[in-house]
Structure formats: C-alpha cells, structure tokens
Amino acid sequence: MRARLVLLGSKGGPAIRPGGPSPTASLLEIGDRTIVVDCGLGVTRGLTDAGVSLKALHLVFITHLHSDHVLELGPLIHTAWTAGLATTVTVFGPPGTRDYWQGFLQAMRFDIDIRIVDEGRPDLRQLVDIVEFQQGEVLREGGLTVSALRVDHPPVTECFALRFDHAGASVVFSADTAYFPPLADFARGADILVHEAMLAEGVDRLVARTGNGARLKEHLLASHSFAGDAGRIATAAGVGRLLLNHLIPADDPAIGAADWVAATRKSWAGALTIASDGLVVEIADDSSA
Ligand SMILES: [Zn+2]
Ligand SMILES: [Zn+2]
C-alpha cells in the first residue's frame with residue numbers, strides 16, 4: 001500500500017473566510033492504516049475529497065483542544081457512523097478529550113437515539129474508544145509507533161507534537177508551538193516534519209482584520225513559531241523535508257508561497273513544501289517497496 005500525507009486543512013486559527021483555506025486537519029496513510037491528525041472544521045469533507053471512505057475511519061489523533069484542531073471531531077465520527085461505520089474508532093487526545101466527546105454525545109443525543117431505533121444502527125457510544133495520552137509512547141501496534149512530546153503553546157499546557165514511525169518512514173507533526181528546540185531531537189531524522197509557521201509581516205494585518213488586535217497579537221507571538229524558527233528546527237533535526245503548515249496568516253492576498261519560502265530559506269536549505277488544502281505528499285515506506 002502506498003504511504004501518503006494529505007494536508008486537509010492548512011490554516012492556523014479557527015476563522016474561515018470566503019475563498020480561504022480550512023483549519024488544521026491532516027490525513028496520514030501509512031502501514032495500511034488511515035490516520036487522521038487533528039479535526040479542524042472541514043476535516044470530514046477533506047477526507048472524502050481525498051478519497052477516504054468514512055467507514056474506514058480507524059485512528060484519530062488530536063494534538064490539543066483548541067477549536068481549530070478539534071471542532072469537527074464529533075461531527076466527523078457521527079458522519080462516519082451515518083455512512084455505515086461499524087468498527088471501533090480510537091481517538092487519542094490530550095486530557096479533556098473524553099469530556100469533549102461526552103459533551104458531543106450529549107448534544108446529539110436525540111439524533112443518536114432516534115437513528116438507533118429508527119434505522120437499526122449500532123450504538124455510536126459503543127463504537128468509540130477515547131485514549132487520553134501524555135508525553136511518551138502513545139501507541140505501538142503492528143509496526144506502527146506513535147510518540148508524543150509536550151510542546152510550548154501557552155496558555156495551553158496539554159499540547160503535543162506527534163511522531164509516527166512505520167517501516168523506516170517517519171512523519172512528525174509539531175502541533176502548535178512557539179520555537180521549541182527539544183522538538184529537533186524529537187523529529188531527528190524524520191522523513192517529513194510538518195511544522196506550524198507564522199509570517200511576521202502578516203500578523204499585524206491579520207489582527208487588524210480580526211478585531212481584537214493587541215491581545216490576539218500577544219497570543220500569536222507567545223504561542224507560535226515564525227517560519228524561520230520552523231527552519232531552524234528542521235535544520236537541527238536533519239529531516240528529509242520541511243512542510244510548513246498551520247499558516248498564519250493563510251489567506252492574506254499580499255502573501256504567497258514565495259514569501260514563506262524566502263522567510264524559511266534563511267535557516268533551512270533542504271526540501272521545503274508550503275501547505276495548501278488538499279496537498280498530497282508521497283512517503284517512501286520500506287514496506288511498500
Ligand atoms: Zn491552532
Ligand atoms: Zn493552538
């Protein structure tokens with residue numbers, strides 16, 4: 001089976017605007033598994049557009065509970081259920097993920113109960129396992145290893161970078177983080193580092209448009225990485241490819257891929273990709289050779 005990474009949603013932050021990209025969600029197909037990493041708004045449509053049958057939903061990982069990473073988790077699983085999901089979905093998330101799921105089930109209780117009785121569906125509540133993880137090894141199963149590193153995303157303390165290793169292939173997601181040097185060790189030698197990125201020249205225009213200027217800018221600067229920081233991590237880690245994702249800003253007409261590349265080239269000379277919704281990156285996986 002081919003291994004590939006598909007960026008379903010590439011923007012940082014929860015707001016969407018006409019013609020703009022969607023918040024964070026990624027699809028990782030590796031070692032015969034369909035893995036969803038983060039569930040921002042649009043993840044369900046993104047998966048089906050990438051050709052994934054929702055019935056095959058199996059493993060979901062959430063890096064942290066900011067809405068641009070988790071808002072559509074419940075709707076994704078519920079929609080998969082209405083599409084015929086009959087096997088267990090395991091959701092790995094930080095502490096608080098179980099509360100989110102219980103709250104979603106409560107909010108949708110009328111619909112869930114009526115579809116069980118009226119359409120003969122299995123009980124959605126029995127189809128989902130929630131695993132709340134901490135830093136360290138999250139999963140080791142059939143050649144797939146997943147590990148987590150707590151990153152620096154104040155005021156959120158439970159935010160984790162994730163590393164997926166299978167058959168000599170490895171993909172690391174930075175999650176949301178300020179410049180965080182330990183991430184370089186965590187991502188050491190990875191084939192692909194998906195790192196969040198912000199462009200300084202776009203931040204002022206972005207906060208002006210959003211309306212809560214000073215506070216938002218303060219949050220962005222304390223909690224996120226500039227593109228050059230992502231490049232520094234990629235260089236220190238010696239990764240095969242740096243993929244800039246969770247772009248801030250993502251829909252500023254004055255900023256294009258060339259600006260991201262220029263900002264990153266100061267600290268990273270290797271393979272570089274700037275994320276966009278639907279972008280596919282093929283992964284060389286020994287097991288498919
Ligand atoms: Zn985010
Ligand atoms: Zn965040």
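What nm value, rounded to one decimal, do you get for the distance between Glu218 and Asp49 when each label is placed 7 Å out toward the C-beta?
Spacing of the two 7 Å Cα→Cβ label points: 3.6 nm.
Whose amide H sits under 5 Å from the amide H of Val151, counting only residues 5 or more places off or on another chain, with H placed in the peptide plane?
Residues meeting the amide H criterion: Cys159, Phe160, Ala161.
Where does the charge balance sit around Ser10 when Lys and Arg score +1, Asp and Glu -1, over other residues with C-beta under 13 Å from its C-beta? The partial results should precede the final answer.
Numbers: positive: Lys11; negative: Asp38, Asp68, Glu196, Asp251, Asp277.
Here the count lands on -4.
Once you place label points 7 Å from the Cα toward the Cβ at Ala262 and Leu105, how far apart are they in nm?
If labels sit at Ala262 and Leu105, their model points lie 5.2 nm apart.
Add -39500 (n - 2.57) for each DSSP H run of 4 or more in the chain, then divide by its residues: what number comes out at 222 nm, to the nearest 500 deg cm²/dmol?
Details: 10 runs with 90 residues, N = 289.
Here the helix-only value at 222 nm equals -9000 deg cm²/dmol.
Can you list the HN-Hα couplings for the range 258-263, worked out from phi with the Karplus curve (6.51, -1.76, 1.60; θ = phi - 60°), rounded to whole Hz and with x for Gly and Pro?
4, 5, 5, 4, 4, 5
Mind pulling the angle between the C-alpha long axis of helix 97-107 and the longest principal axis of the chain? Nearest 10 degrees, somewhere in 0 to 90.
50
Mind ranking 214-224, 270-280 by how tightly packed they are, going by the mean number of other C-beta atoms within 10 angstrom, highest first?
Numbers: 214-224: 14.6, 270-280: 17.2.
Taking the mean over residues of other Cβ atoms within 10 Å, the ranking is 270-280, 214-224.
Tell me the net charge near Arg188. Cut-off is 15 Å between Cβ atoms, Arg188 excluded, with +1 for each Lys or Arg and -1 for each Asp or Glu.
Summing Lys/Arg as +1 and Asp/Glu as -1 gives 0.
Would you mind ranking Met198, Met108 by Cβ crowding within 10 Å, fewest neighbours first? Before the final figure, lay out the partial values.
Working: Met198 25, Met108 15.
Ordered by Cβ neighbours within 10 Å, fewest first: Met108, Met198.
Just rank Cys159, Cys39, fewest to most, by other beta-carbon atoms within 10 angstrom.
Listing Cys159, Cys39 from fewest to most nearby Cβ atoms yields Cys159, Cys39.
Normalised by the number of residues in the chain, what is the relative contact order in percent for Cα pairs under 8 Å and 6+ residues apart? Walk me through the numbers on the way to the answer.
Values: 653 pairs, mean separation 56.7, N = 289.
Relative contact order for the chain comes out at 20 percent.
If each residue of separation counts as 0.36 nm, what is the full-extension length gain between Arg140 and Thr210 once their alpha-carbon separation is subtracted?
21.0 nm
Return a whole-number percent for the relative contact order of the range 226-289, with Cα pairs under 8 Å and 6 or more residues apart as the contact set. Before the final figure, lay out each step's value.
Working: 54 pairs, mean separation 29.4, N = 64.
Across the range 226-289, relative contact order equals 46 percent.
Please report the net charge: other residues with Cβ closer than 11 Å to the Cβ of Pro154, K and R +1, D and E -1.
Values: positive: none; negative: Asp152, Asp176, Glu218.
Combined, the nearby Lys, Arg, Asp and Glu give -3.
List every residue whose amide H lies under 5 Å from the amide H of Leu139, counting only residues 5 or more places away in sequence or on a different chain, with H placed 1.01 Å from N in the peptide plane.
Amide H neighbours of Leu139, under 5 Å, 5+ apart: Val146.
How far is helix 213-223 tilted off the main Cα axis of the chain, in degrees rounded to 10, range 0 to 90?
90
Which of the lysines could a cross-linker span from Lys266 if the Cα-Cα distance has to be under 24 Å and same-chain partners fewer than 8 positions apart are dropped?
The qualifying lysines are Lys11, Lys217.
If amide hydrogens are placed 1.01 Å from N in the peptide plane, which non-local residues have theirs closer than 5 Å to the one on Gly93?
Ile62, Val131, Glu132, Phe133
Over the range 65-203, what relative contact order in percent results from Cα pairs under 8 Å that are six or more residues apart?
Details: 183 pairs, mean separation 22.9, N = 139.
Across the range 65-203, relative contact order equals 16 percent.
Multiply the residue gap between Ser67 and Asp185 by 0.36 nm, knock off their C-alpha separation, and tell me the result in nm, one decimal place. Walk me through the intermediate numbers first.
Details: separation 118, 0.36 × 118 = 42.48 nm, distance 2.80 nm.
Here the answer is 39.7 nm.
Going by Cα centres, the range 161-225 and the range 1-56 are how many Å apart?
Cα centres, the range 161-225 to the range 1-56: 18 Å.
So what's the angle, to the nearest 10 degrees on a 0 to 90 scale, between helix 227-237 and the longest Cα principal axis of the chain?
80
Which order results if Val60, Val70 are arranged by neighbouring Cβ count within 10 Å, fewest first? Walk me through the intermediate numbers first.
Values: Val60 24, Val70 27.
So the ranking, lowest neighbour count to highest, is Val60, Val70.
Read-outs: derived from the displayed coordinates by stated rules, not from any lab. Predicted, not measured: the structure shown is a model, and the values here were computed from it. Backbone-built Cβ (ideal geometry, glycine too); neighbour counts: all protein chains shown.
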